[in-house]
Amino acid sequence: MKSWIAFWSILKKDIQNYYLKPPNISWGIIFPLSWTLMQFIRSGSLNIIEFLPGLMSMSILFGTTSMLAVTITFERKGRSFERLLLAPISLNTMVLAKITGAVLFGILNAFIPAAVAAFFADLTGVNWGVVLLAVCLISITSTLLGLLIAVSAKEVFEAQTFSNFFRFPMLFLCGLFIPIHELPAFFRLLSYCLPLTYGTDILNGAIAQTNTMPSLLCIPVLLAFAVFLFVICRYNINRKWIL
């Protein structure tokens with residue numbers, strides 16, 4: 001029971017204190033939304049369904065990583081993390097509370113492009129159950145990737161800069177807007193090493209029926225990425241913040 005109280009308290013504090021911070025608004029909300037509107041206006045109604053999976057994935061990626069960059073760096077700068085580490089709760093509980101807020105933020109961000117697309121295109125053929133599952137898995141893996149980056153940063157601008165080294169290449173390597181089969185062989189190999197590739201492919205299948213891999217393959221791969229990233233994040237937290 002105490003773990004759940006601690007979990008909820010940390011999550012509630014993060015939501016109240018960090019969701020509306022300027023860096024989070026600019027990178028986590030305004031950038032994906034402006035890119036969404038730009039793509040919809042440029043493409044016309046015929047191509048919206050094709051663009052929607054990539055836009056949803058991009059919104060999750062930028063929303064979750066921006067949220068972690070703000071939350072982790074502000075708390076490290078204000079020494080809030082030292083107090084949390086001294087609290088009688090497990091490190092796993094603290095980390096899960098920190099990433100849950102970003103995961104929820106990413107899920108919410110994902111459906112902003114879908115809501116905009118509903119005004120321009122017919123979405124009745126979309127498999128929303130699979131979409132929700134893919135959105136959750138992308139949010140979890142992107143959040144853990146953001147945590148991995150934020151652990152090494154001391155300032156918000158550092159975390160955002162480090163994140164951009166990963167985020168912008170992933171826009172072009174993970175099949176968001178450029179099909180993977182059109183990439184050079186080396187970049188195709190690199191794209192299959194990134195979790196966002198598999199999440200975007202699930203969304204392509206659920207929304208536009210243009211997936212290149214079966215969902216039954218992509219889902220276990222994303223779960224494996226989530227476990228791997230969580231273990232790496234725990235190791236880095238122990239190494240950088242505790243030892």
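Being at pLDDT 85 or above and touching a Gly at 6+ places or on another chain (Cβ under 8 Å) is a description that does not apply to Ile180. The lone criterion from (1) at pLDDT below 70; (2) open to solvent by less than 30 Å² (accessible area, probe 1.4 Å) left unmet by Val70 is number (1). Only one of the listed residues (Ile138, Ile149) is within 19 Å of Ile232 (Cβ to Cβ) and open to solvent by less than 10 Å² (accessible area, probe 1.4 Å). That residue is Ile138. Candidates in region 74-101 are the residues that are at pLDDT below 70 and of a type in the set (Gly, Ala, Ser); of these, the one that is surrounded by the fewest Cβ atoms within 10 Å (Cβ to Cβ) is Gly78. Whenever a residue of region 117-133 is part of a loop (DSSP other than H, G, I, E, B), its partners that are open to solvent by 60 Å² or more (accessible area, probe 1.4 Å), lying with C-beta atoms within less than 6 angstrom and at least six residues away or across chains, give the pairs Phe120/Ser45; Ala121/Ser45. Against the list (1) surrounded by fewer than 24 Cβ atoms within 10 Å (Cβ to Cβ); (2) modelled with pLDDT of 70 or more, the condition Thr65 fails is (1).
Of all residues in region 152-163, those satisfying the criterion of being among the hydroxyl-bearing types (Ser, Thr, Tyr) and exposed (fewer than 15 other Cβ atoms within 10 Å of the Cβ) are Ser152, Thr161. Restricted to helices (runs of 4 or more DSSP H) entirely inside region 164-240, those with at least 2 residues that are open to solvent by less than 40 Å² (accessible area, probe 1.4 Å) are 195-203, 215-237.
The values are calculated or read from the model by the stated rules, or taken from the named source; none is laboratory data. Every value quoted in this text rests on a predicted model; they were computed, and no experiment measured them. So basically every Cβ, Gly included, is an ideal-geometry build from the backbone, and we count neighbours across all protein chains shown. To get the accessible areas, we keep the full protein, side chains included, count just its heavy atoms, and leave off ligands, DNA and RNA. Shrake-Rupley method; radii C 1.70, N 1.55, O 1.52, S 1.80 Å.
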